[in-house]
Amino acid sequence: MVTKLQAHRVVIHIDFDYFFAQVEERERPAIKDKAVVVCVYSGRGEDSGAVSTANYIARKYGVKSGMPIVFAKKKLKNVEAVFLPVNHARYDMVSQEMMNMIRTYAYAFEQVGVDEAYLDVSKRVDGSYEKARHLATEIKKEIFAKEKITCSIGIGPNKLVAKIAAGRKKPNGLTVVRPEEVQQFVSDLPVRELMGVGRKTEKKLRELGIKTIGQLAACNIGRLVGVFGNTLGNYFHNASLGIDETPVEQRGRAKSISRIVTLKQNTRDPAVMLKEIKNLAEDVHSSILEQGLSFKSVSIVAVMDDLTTLSRSKTFQNPTESLEKVQRTAKELLELLLKRETDRSVRRVGIRMSDFFEEKGQKQLADFSGN
Ligand code: DCT
Ligand code: CA
Ligand code: CA
């Protein structure tokens, strides 16, 4: 069964593959072909602590999140393996960069934890799952090109289905579930695939003879309510049918969007810099419009040949969407910035736009996607 609301929605779920371990691999290419285990050391004795996450090579040998480090070492005793301590500051930084990139693809963007996000792209793809597939491929490509991290993506008519879909082909997967395929897609999966079904609930359901989502769907709703109470019982019933109307909640947004490039060679020629800035401005501008935003501030950044960073900004009286205004302002700011520079040349230039405002027309999109 597909409700009217769902029929109009296209939701993308993105999950970064074995994220902490993948960041470690990226930073140390030499460990890429080995088992990589990221650990939370307790500080009590050398191997005391638990596995946070592991790459897919380590998983092949049975290493799992939450497992004692000692167990993981046993499982990998005949394998080339690397054990590393968690570095959350590092993962958070990479995550933020990736999220800022992803959020530009949709009006409604919801980050969940450090390595997952939902996008409501209904409007952007015009309700077309084929377009959504292309978009997802594009997102994966951009993330990999810029961050060298792979992720798995699921596309469905709601968050529930999109998330389950993202988990089906890992790593580096893409799974599309159209509204008419939802029922078939979920019915053979084990109930634990549903959010909110932990080990305890799984056990309770098994006692009712329910192992798969399809069996859950066939169960009388009154019976579920009897066992789990009203809220949870109804949730399980709907979830088993692939029904989920919770909106993708825009939680916070980037305070600024910026792009910076390194010039082919250091220069003092404003025309050369301006040409680069013009391209960057177009890039930033289109991603702001894509999110249904207008902006009030533009900044120009220059990294000088001695690596000091200079910047100049301008804040308009009113929010604007005008690219022409950005280009004009960028030119003024660059002139201002270079005015007193008589010796140093410029190594990198960048543009930053901030002070965002939501454009009114986009409100309807929020309504439309169930917000
Ligand atoms: N985590 C943990 N202990 C657990 C489970 C998870 O410390 N028992 C942490 C480590 C990573 C983070 O939570 C998210 O875990 P996953 O969703 O399993 O993400 P992952 O490592 O990126 O793996 P996958 O490729 O399956 O997404
Ligand atoms: Ca992940
Ligand atoms: Ca995850």
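The values are calculated or read from the model by the stated rules, or taken from the named source; none is laboratory data. Keep in mind it's a predicted model, so treat the numbers as computed, not measured. Here the Cβ is made from the backbone with ideal geometry for all residues, glycine too, and neighbour counts use every protein chain on show.
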- Scan region 117-124 and give yes if some residue there is within 15 Å of ligand 3 (Cβ to nearest atom) and within 24 Å of residue 240 (Cα to Cα), otherwise no. yes
- Determine if region 195-209 includes at least one residue that is touching a Ser or Thr at 6+ places or on another chain (Cβ under 9 Å), surrounded by fewer than 16 Cβ atoms within 10 Å (Cβ to Cβ) and free of Cβ contacts under 8 Å to residues at least 12 places away in the same chain. no
- Note on the structure: Of the candidates 86, 94, the one satisfying the condition of being within 24 Å of residue 33 (Cα to Cα), among the hydrophobic types (A, V, I, L, M, F, W, C) and in contact with a Phe, Trp or Tyr (Cβ under 7 Å, 6 or more places away or on another chain) is 86
- Query: Pick from 346, 298: which is over 28 Å from residue 99 (Cα atoms) and modelled with pLDDT of 90 or more?
  - Reply: 346
- Selected residue (only one of 151, 219 is surrounded by 14 or more Cβ atoms within 10 Å (Cβ to Cβ) and more than 16 Å from ligand 1 (Cβ to nearest atom)): 219
- Being basic (Lys, Arg) and at pLDDT 95 or above is the filter; apply it to region 118-147 and report the residue that is surrounded by the fewest Cβ atoms within 10 Å (Cβ to Cβ). 141
- Query: Would you pick out the residues in region 311-324 that are farther than 15 Å from residue 357 by Cβ and either modelled with pLDDT of 90 or more or charged (D, E, K, R) (or both)?
  - Reply: 312, 313, 314, 323, 324
- Task: Using the structure shown, decide if residue 274 is touching a Gly at 6+ places or on another chain (Cβ under 8 Å) and hydrophobic (A, V, I, L, M, F, W, C).
- Result: no
- So, in region 58-86, of the ones that are within 16 Å of ligand 2 (Cβ to nearest atom) and crowded, with 16+ Cβ neighbours inside 10 Å, which residue ends up modelled with the lowest pLDDT? 86
- Note on the structure: residue 227 fails exactly one of (1) outside any strand (DSSP E or B); (2) in contact (Cβ under 8 Å) with a residue 60 or more places away in the chain, namely (2)
- Query: Where in region 21-140 are there strands (runs of 3 or more DSSP E), lying wholly inside it, with at least 2 residues that are farther than 30 Å from residue 249 by Cα and without any contact (Cβ under 8 Å) to a residue 40 or more places away in the chain?
  - Reply: 49-54
- Item | Residues of region 6-37 classified as farther than 30 Å from residue 247 by Cβ, away from ligand 2 (no atom under 16 Å from the Cβ) and either of a type in the set (D, E, K, R) or crowded, with 21+ Cβ neighbours inside 10 Å (or both), total | 6
- Message: What's the total number of residues in region 102-116 that are modelled with pLDDT of 95 or more and away from ligand 3 (no atom under 16 Å from the Cβ)?
- Response: 0
- Can you pull out the residues in region 293-323 that are more than 12 Å from residue 258 (Cβ to Cβ) and among the small types (Gly, Ala, Ser)? 294, 302, 322
- What about residue 52, is it modelled with pLDDT of 95 or more, within 16 Å of ligand 2 (Cβ to nearest atom), among the hydroxyl-bearing types (Ser, Thr, Tyr) and surrounded by fewer than 16 Cβ atoms within 10 Å (Cβ to Cβ)? no
- Query: If you check every pair at least six apart or on different chains, which have Cβ atoms under 6 Å apart with a residue in region 315-338 that is free of Cβ contacts under 8 Å to residues at least 24 places away in the same chain and farther than 19 Å from residue 291 by Cα first and a residue that is of a type outside the set (Gly, Ala, Ser) and assigned to a strand (DSSP E or B) second?
  - Reply: 316/296
- Note on the structure: Residues in region 328-347 that are more than 21 Å from residue 262 (Cβ to Cβ) and not in a loop (DSSP other than H, G, I, E, B) total 5
